[in-house]
Structures are given as structure tokens and as C-alpha cells.
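The structure appears right after this line, and notes come after that.
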Amino acid sequence: MGSRVDTDEDSDNRGSMWDLDQKLDQPMDEEAGRLRNMYREKKFSALLLLRLAFQSLGVVYGDLGTSPLYVFYNTFPNGVKDEEDVIGALSLIIYSLTLVPLLKYVFVVLRANDNGQGGTFALYSLLCRHAKIKTIPNQHRTDEDLTTYSRSTFHERSFAAKTKRWLEEQESAKRAILILVLVGTCMVIGDGILTPAISVLSAVGGIKVNQPRMSSGVVVLVAVIILIGFFSMQHYGTDRVSWLFAPIVLLWFLLIGGIGIFNIWKYGSSVLKAFSPVYIYRYFKKGGQEGWTSLGGIMLSITGTEALFADLAHFPVSAVQLAFTLVVFPCLLLAYSGQAAYLMNNLSHSQDAFYRSIPDRIYWPVFIVATLAAIVASQATITATFSIIKQALALGCFPRVKVVYTSKKFLGQIYVPDINWILMILCIAVTAGFENQNQIGNAYGTAVVIVMLVTTFLMILIMILVWRCHWILVLVFTGLSLIVECTYFSAVLFKVDQGGWVPLAIAGAFLVIMSVWHYGTVKRYEFEMHSKVSMAWILGLGPSLGLVRVPGIGLVYTELASGVPHIFSHFITNLPAIHSVVVFICVKYLPVYTVPEEERFLVKRIGPKNFHIFRCVARYGYKDLHKKDDDFEKKLFQYLFTFVRLESMMEGCSDSDEYSSYGQQLEHSRDVLLHNNGSTVSSNMDLTMSSVDSIVPVRSPHHMNITVRSSGQTSSQTEVDELEFLNSCRDAGVVHILGNTVVRARRESRFYKKIAVDYIYAFLRKICRENSVIFNVPHETLLNVGQIFYV
């Protein structure tokens, strides 16, 4: 439509210009007052940033902050032989904290967030938006018009464009990236098991320091009881107690920093020589292989760094950076330096250096705060695990499990019951099964270093495709990251048989589950794509579809965003009747963190009007939750009715690529992106073919002087008739038609494929949640249509 439609926004703009002219005529004292208000706003912003930085301590830095409890014990499990070894180990800790958490994560990786969302899948989503590497190709160009679908463009001959084309052409590269993401996800789940185990056990171990006669079994029992209580309270969520997290962690950092200063003052400042990297060289030269393998313990000083990125969701990057540089980093350096000063004078106390270095007068208060800080650290890791499971679930990489929102304020706070109990059982097994903290530390280090390596490889692609960095910068980042992380990785490999096998076994099990589920999901989507019903066949049946059209609305759920699914032909060839109105519903997840509510639905018509067939595509981001209530159905009909009204106000549009043998148009379709407030409509003609996009501000029908003629009737008459027809069908009843597709391996398939498809995938389908439960479909209105296909 070529005519311009005036909107209230235009009037507001004119008003704004008028207001500006008026302000120029204001006296100078009023202008000075305005400047003072601006200054107050800037001051308030600074105070707000400080408050957010304070709150981030409790959510983001709990895991990293509790590392001093167990680092020196895992570095020197057999005691310290020489004072210089302590200085060398401290020097490694100082430069590890500087290179990995400070330089790599806080100042580089945190900038690679997806609209504030962090973690492995957030990086993957960023890559999917900048290159077509998603293994389920259910995206469409209309998805790119979302306000949250941000991406950058680059020159065709640039290195980024060449990399993009290579990734899109190589199926093996797409699969390799996905496997890399799944491996990182599985290791984060491993962190969710090992962090509570080592943090709580190390904190509770302080009892034995003050009570030497107490057996290790009692310490383990107390830790197990705390862990059971901790996991049992997860369903309440963290919203009610999260206000306590930040004060606890801040108090913890101030205590360990203060104790560090006390020990440096008491035992001498010679330990500060560790700031010279020369002692790292001396440490390796003197220690040999034993010094090299001790890196597995030193690496625990940077555990929690990945959780720092995964738990980014609720805080701006600047707040997280401020908290680390002002509080976390200096306090950790003081804590480790103080422990090292104590160890240099007490070489045999490496097993419990932290608790023995505490002054007697504050021993029990520090023990209580340490236990609380360990619980907060565990909560941060569990929250990150739940979040990444939800993201994997949205992208079709994890079996359908129940996801519960625990907070009405923060959508990121979720609870996954099935995963929670699995984590609890495995965490208790690790805590009770290992003989000491050293073996748990070895396992923990293996999981952490693999997650860091995965992040590094993904960041290389982010720097090329998203940031479009110069190749020299990419090379520098890659070189420094891989030197540090591969060094640590080589050290933890020596400890695979000493507990390091645990995260590998856990990650292996979850990787098999996620890979098999994703394989089955992709094959089901490919089956639906290849077995779509021809529109020529549908139109050949006529408006009645060759059946009796009974009053009512049939909602047919499908994974296809375009075309008629095979389940529909299976349905109408086996039953004698079909509903008067049919709506194909596709719920799909996009590689964005969220889809705004007003942009969620796309509605289109399939075939001529007298067929009464529609399609609705409901789009979600990986942080969104398909709510279990009646809202979805209500909004569906609201958008459907609005679509019919708008259709009568818009010029007809025909598709260009599907025609019958008579040259007649086969499918009339209009995708309408509807805004809840009724003020804006974006009409994208046809999901798959049209290139006509327009944005039309709509307030009332009289603004549009357009009529669509159908059978000699005006558009308004047709609109009223169809709306009455839809309302009567809705009153007659709504039936939900779901496909129950069974996947089986062919007889000639290899044995491992039969095991994966016929046993593992079939078992996962059996125990996971049904679609009818996810969509909250009443049992009395549910109709399952079964079909089998072979892969």
C-alpha cells in the first residue's frame, strides 16, 4: 500500500519538536535546574551499578570464592617439602587468576553474551544467528525481523563471510560445533554434581580441624545431610532467600581477605615474592613431573569461572566486571597469599591450611560463614545447570522434562525436578564414595578445564563471525587461551585414574542421551519435511476435504512451520469427518534468548477462504517457557480473529511458486505479526515465498480504504460472516490433534544404530513428558494420531 497513514507517533514527534522550541525559550535558571536533575540521574546510575555489583556477588562469584577452601590441599596432598614450592604454587595461582578469570572471562568472554544471557548455548545461539549452522532448519526470514534477533552483517569478500560460507556448506562442521556444545553442556552438568560435593565437604571438614578425634565418616555424614537438605529445598527456588546470598558472599570475601592480611603480617611478607613469574620456572624445574601434575590442584583456584559466565543473566556486564575487580580479585589474592605465608611456616599443614590459618577467636564464626558460602556456591552451579538444561531442551538437544518457574519476578529462576534428584543422587554418591577431597578435586578439575576449552573454541568463531576481529587479535586470544588451558588439561590427564574419570563418565552418559535424542528429533523433522502433503491434493478434495465437516475447531500440532503435515492426510484418510475449521499449530524455538509476547504468533491462511484452514506459528526463545495454562489457546484465537479482520482490510496477495495444472493459485497465505496493543501490524506475505513486507499502523478500519471482494460481497460483510462462523465453531468445541510418531531403525541398519534408536531413543520417549502434558491439553479433547517411520 503506497499511501502513508498518519499515526499518533507522528503527532508525538511533532509535539516533541514543539516542546524543544519551548525549552529553548526557558530562563537560564530553569535550564540550570534541568542540568542538576541530569547530574542526579547520572549519580543514581552509578549507585545502581554499585548495587547490582553487590548483588552479583551472591549469584555469580560464590563458586570462585570458595576455592581457597581446598586449593592448597589438592596441590600438595602429601605435604610440602620446601618453602620455595609454596611460593611457586602461589605464583601459578596469581597468574592463573589474572589470565583466565580476569583477562579472558571478565574482559573478553562476558562481552560475548546473548542480550545478557551467558553460557555455552548462548554462544551457540549467537553463532546460529550469524551462520546457518543449526541442524534443524526450521527458521524463516520472518524470524530475522524479531527485535531480539540481532546480528551483524559483513562484506562478501571478508574473512568472516568466507568462514560463514564454509561452515554452512560443511555438514561435518555443523555437527562438530554441535558436539562441541553438547560436550560443554555435559561438563557443566558434571560441575553441578561436583561443586556441591567438594564445597560442602571442604567447608564441613573444618569441624575435624577443631575436633581432631572426630572420624572422617562423621564429616561425610554431616556433608551428606546438608546436601540432602540443600537439594530438597530447590523446589522453593532462590527468590525467597536470594537477598541473603550477596551479604553472605561479601562477608566471606572480606573475611578471607582480612585473614590473608593478618597471616601476611604475622608470618612475614616474603611470600609476596610470588608476584614474580620467575618462581613459576623454578617450581617446574625443581618439581619435574610431580610439579606438573600438581597443576591439577592449582587449577581449582579458577573453578567457578565458567559459572561466572553461565549465571550472567540478571546482571549487566559492567556490574559483574566491577564486582570482580574491586572485591573478588583482590580478596582472593590476599586469601591465597595469607595461606601461603602460613604454609611456609607450617609445611605439614597443607591438608587443612585454610582452617588452621584462621585466628582462634574467630574460628567458629568463619566456619559458619564458610558453610553458608559453600551452600551459596552450590546454588549458583545448580542454577546454571538448570538454565543450560532448559536451553538444551529448547534447541531439541535434551528429552522433554518438567520445567518450573520458581519466581514471578525473574524468569531465569527455574527448577527442573527430574534433573534435581538425579544431581542429588550422583552428588551424594561422589561425596560418600570417594575416600578424600583430593579425588573429588581431580574430578572437578577435569570437568572445568574441558568446559574452558569448549568456550575457547566457540569464542574463536564468535570473534570471527560476530565481532569481525582482525585475524591477529583472534590468533593472540587463541594462542594465550590454549597455552594456559592445554597446559592444565595435560596435567589433569595424569589424574584420570585418581578420580578424573568421574566427570568423563557422567559427561559420557549425558552426551549419549543428548546425542541420541537430538538425532531422533532431527530424523522426525526430516520425515515430516519429506512427507508433506501436496496442496494440489488438498485442493483436489474440495472445501469439504472429501469428508463431513462437523462443527468445531481442530488444532493440529506439527513441527512444520510451512506446508501441510503428513499426519493430516493420515487423519483424513482414516476418519470419516473433519472439523469445520482446522488450525495447524507449530511451536518452534529460535536461537534467541526470548521472543517478545507481542511478536510471538504468526498467523496465515492455507488455501481458499471456504476451506477454513489456517496456520499459527508460535515462536519462543531458549529462555521462554510454554506456560501450562489456558493463555495459549485464548491468545491463539485472539490472533486468529484479528487476522481475519485485518485480512479484509488488506489487498490480496498471491504466491508465486505453487500452482495447479490449470494455472490457478493454490495457496493464499498472509503471515500477520500482531501486536497486543492493536496499534501495529507487520504483514509478511507467505512464510516461504513472498517478499512483500509492510508495517501498517492500525487504529480502526476507517483508516484503510481497501476492500477485498469475494463472491460479490464487501470485505466487511465477509469479515462479519467469517468471524461469526469461527465463533460458532469455537463454541461447538475444540479438539487437539497430536501426532504420535514412532521412530524405528531399519532391519538392515547396523547394530549400534538399532541400539540407539530402538532402545535408547524409544526408552527416552517413553519416560519423557508427552506433548499433551506440555501443551496442557485436556484428556477429553485429545486425539492422538499414530504413525511409524523407519530410519
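The values are calculated or read from the model by the stated rules, or taken from the named source; none is laboratory data. Just so you know, these numbers come straight off a predicted model, no measurement behind them. Don't worry about glycine lacking a Cβ; one is built from the backbone with ideal geometry, like all the others, and counts go over all protein chains shown. Just so you know, the surface numbers come from the protein's heavy atoms only, side chains and all, with ligands and any DNA or RNA stripped out. Shrake-Rupley method; radii C 1.70, N 1.55, O 1.52, S 1.80 Å.
Computed quantities for the displayed model
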item	result
Rel. contact order, % - alpha carbon contacts under 8 angstrom, at least six apart, region 521-631	25 percent
Cα coordinate range in region 529-653, projected on the principal axes (Å, largest first)	43, 34, 28
At R0 = 35 Å, FRET efficiency that the Cβ-Cβ distance of Ser318 and Phe159 yields, to 0.05	0.70
Accessible area in square angstrom per residue, region 307-429, 1.4 angstrom probe	34 Å²
Net lengthening on full extension, Ile472/Tyr236 (0.36 nm per residue, minus Cα-Cα)	80.1 nm
Largest-first ordering by accessible area, 1.4 Å probe, given options Ser56, Ser45	Ser45, Ser56
Glu526/Gln638 FRET efficiency (R0 45 Å; Cβ-Cβ; nearest 0.05)	0.85
Solvent-accessible area, 1.4 Å probe, carbon plus sulfur percent, for region 305-397	61 percent
With all protein chains modelled, accessible area of Asp721 [1.4 Å, Å²]	60 Å²
Carbon/sulfur fraction of accessible area - region 454-545, other protein chains in place, 1.4 Å, %	75 percent
Shape call, region 400-493: gyration tensor on alpha carbons, a/c limit 1.5	oblate
Theoretical FRET efficiency, 1/(1+(r/R0)^6), r = Cβ-Cβ of Leu480 and Leu50, R0 30 Å, to 0.05	0.45
Heavy-atom accessible area order for Lys532, Lys766, Lys635, largest first, 1.4 Å probe	Lys766, Lys532, Lys635
Difference of contour (0.36 nm per residue) and Cα-Cα distance, Leu547 to Glu597	14.3 nm
Solvent-accessible area per residue for region 468-610 (1.4 angstrom probe, square angstrom)	39 Å²
Simple label model, 7 Å out from Cα along Cβ direction - Ile179 to Trp166, nm	1.9 nm
Binned Cα-Cα distance frequencies in region 57-129 - 10 Å width, integer %	15, 35, 27, 16, 6, 0
Solvent accessible area, Å² - Thr487, 1.4 Å probe, full protein context	40 Å²
Qualifying GluC sites (Glu not before Pro) in region 435-542, DSSP loop, other Cβ atoms within 10 Å at most 11	Glu435
Label-point gap, in nm, between Phe275 and Thr325 - each point 7 angstrom along Cα→Cβ	1.8 nm
Protein accessible area in region 55-202, 1.4 Å probe - carbon and sulfur %	53 percent
Rounded accessible area of His155 (nearest 10 Å², 1.4 Å probe)	120 Å²
Heavy-atom accessible area order for Arg619, Arg361, Arg744, Arg730, largest first, 1.4 Å probe	Arg361, Arg744, Arg730, Arg619
Gained length - Lys81 relative to Val735, 0.36 nm times residue gap less alpha-carbon distance	227.9 nm
